[in-house]
Amino acid sequence: MGRLDGKVALIVGGGADGPPNKGEALAIGNGRATAIMCAREGAAVMVADLRLPLAEETAAAIRAEGGRAKAVACDASKEEDCRGAVEAAVREFGKLHLLVNNVGIGIGGSLLKTTTEQFDRMVAVNLRSHFLTMRYAVAEIAKAGGGAIVNVSSMAALRSNRLIPYEATKAALLGLSRSAAASHARDNIRVNTILPGLINSTMVRREIGDREAAVAPRIPMRRQGTPWEIAKAIVFLLSDDASYITGTELIVDGGLSMG
Ligand SMILES: NC(=O)c1ccc[n+]([C@@H]2O[C@H](COP(=O)([O-])OP(=O)(O)OC[C@H]3O[C@@H](n4cnc5c(N)ncnc54)[C@H](O)[C@@H]3O)[C@@H](O)[C@H]2O)c1
């Protein structure tokens, strides 16, 4: 029996935009690993992504394992697409119980090196999108009898590396999630945030490349995390194993934040 049997999950940013690890056939990032793991735990999964082929690749991987999944195109910075992704999940699978907001990009830099346009784009993609998908999802989740939402933030919410729009939007997600959790606890909807540390994900392989040797010595556990380790933590927060956990943050960082 799976921990998400009978549930319907929407994973926004459920593709994987980057190269695979050496020896891996399929590129795995945090969003794709989460979608696959939700399906392995019994959920029917709607995979939403800016790039439909990436979402379709995730859905096909799930179906190849015997799971249920469909894909939908969604630019999470657009309100109509956020509404459309929620509607697609309900249309396809009849209900919605679980939402994961994995979308996050990194543009801009320090205060004086970030343009207003870059800052606005970051707010639209990393923060407003989560607000929008939650706003459309909560009514459906409440109708289904309750469920859970996980927003993917970052250790960058708590520590600075002088990337102002990334850090500001990831920190704002903590407040956004907490506030949504407070508003919807009585609807039996739990909302939590996950803070990954340094993860060997598609986002990192695409933008930085292989950073393992450079960062591992800084991490108490002496290695980057894997997207599967992020997915396991997300599935925990989505499942009834976390039935009394809401409005909080879970750090998954191999001890990096201990200092
Ligand atoms: N890798 C790390 O070290 C690390 C650390 C902390 C947090 N994170 C967070 O993890 C998340 C990304 O992880 P990933 O490995 O899945 O990366 P990824 O870059 O593969 O992103 C997943 C998907 O999001 C999609 N996407 C991008 N913009 C979108 C938009 N506007 N609308 C809809 N979909 C969009 C991409 O097409 C991609 O398929 C981000 O929120 C990131 O901030 C990563």
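The values are calculated or read from the model by the stated rules, or taken from the named source; none is laboratory data. None of the values given here were measured: they were computed from a predicted structure. Ideal geometry is used to build each Cβ from the backbone, glycine not excepted, and the neighbour counts take in all protein chains shown. Just so you know, the surface numbers come from the protein's heavy atoms only, side chains and all, with ligands and any DNA or RNA stripped out. Shrake-Rupley method; radii C 1.70, N 1.55, O 1.52, S 1.80 Å.
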| task | Tally up the carbon and sulfur contribution to the accessible surface of the range 8-253 as a whole percent, 1.4 Å probe, everything protein left in place. | result | 53
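What FRET efficiency comes out for the pair residue 26/residue 249, r = Cβ-Cβ distance, R0 = 45 Å, nearest 0.05? Kindly include the intermediate steps, with their values, before the conclusion.
Working: r = 30 Å, r/R0 = 0.66.
Once the sixth-power term is evaluated, E becomes 0.95.
To the nearest 0.05, how large is the calculated FRET efficiency for residue 142 and residue 52 if R₀ is 30 Å and r is the Cβ-Cβ distance?
0.55
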| query | For the chain, which DSSP H helices look membrane-span-like by this rule: Cα extent along the axis of 27 Å or more and mean Kyte-Doolittle of at least -1.0? | reply | 164-184
| Viscosity 0.692 mPa s, temperature 37 °C: Stokes-Einstein D of the range 8-253 from its Kirkwood Cα radius, in µm² per second? | 185
| task | Compute the relative contact order of the chain as a whole-number percentage, counting only Cα pairs closer than 8 Å that sit 6 or more residues apart in sequence. | result | 20
| note | Rounded to whole Å², per residue accessible area for the chain with a 1.4 Å probe reads 46
| remark: One finds the C-alpha centres of the range 52-92 and the range 17-41 to be spaced, in Å, by 15
| task | Mind telling me which of 39, 182, 85 comes out most flexible in a GNM of the chain, alpha-carbon contacts under 10 Å? | result | 182
| Spin-label model distance (nm) - residue 112 vs residue 186, 7 Å beyond Cα toward Cβ | 5.1
| note | Quick calc: nm separation of the 7 Å Cα→Cβ label points for residue 91 and residue 161 -> 3.9
| field | Contour excess over end-to-end distance, with Cα ends at residue 232 and residue 210 and 0.36 nm allotted per residue | value | 5.6 nm
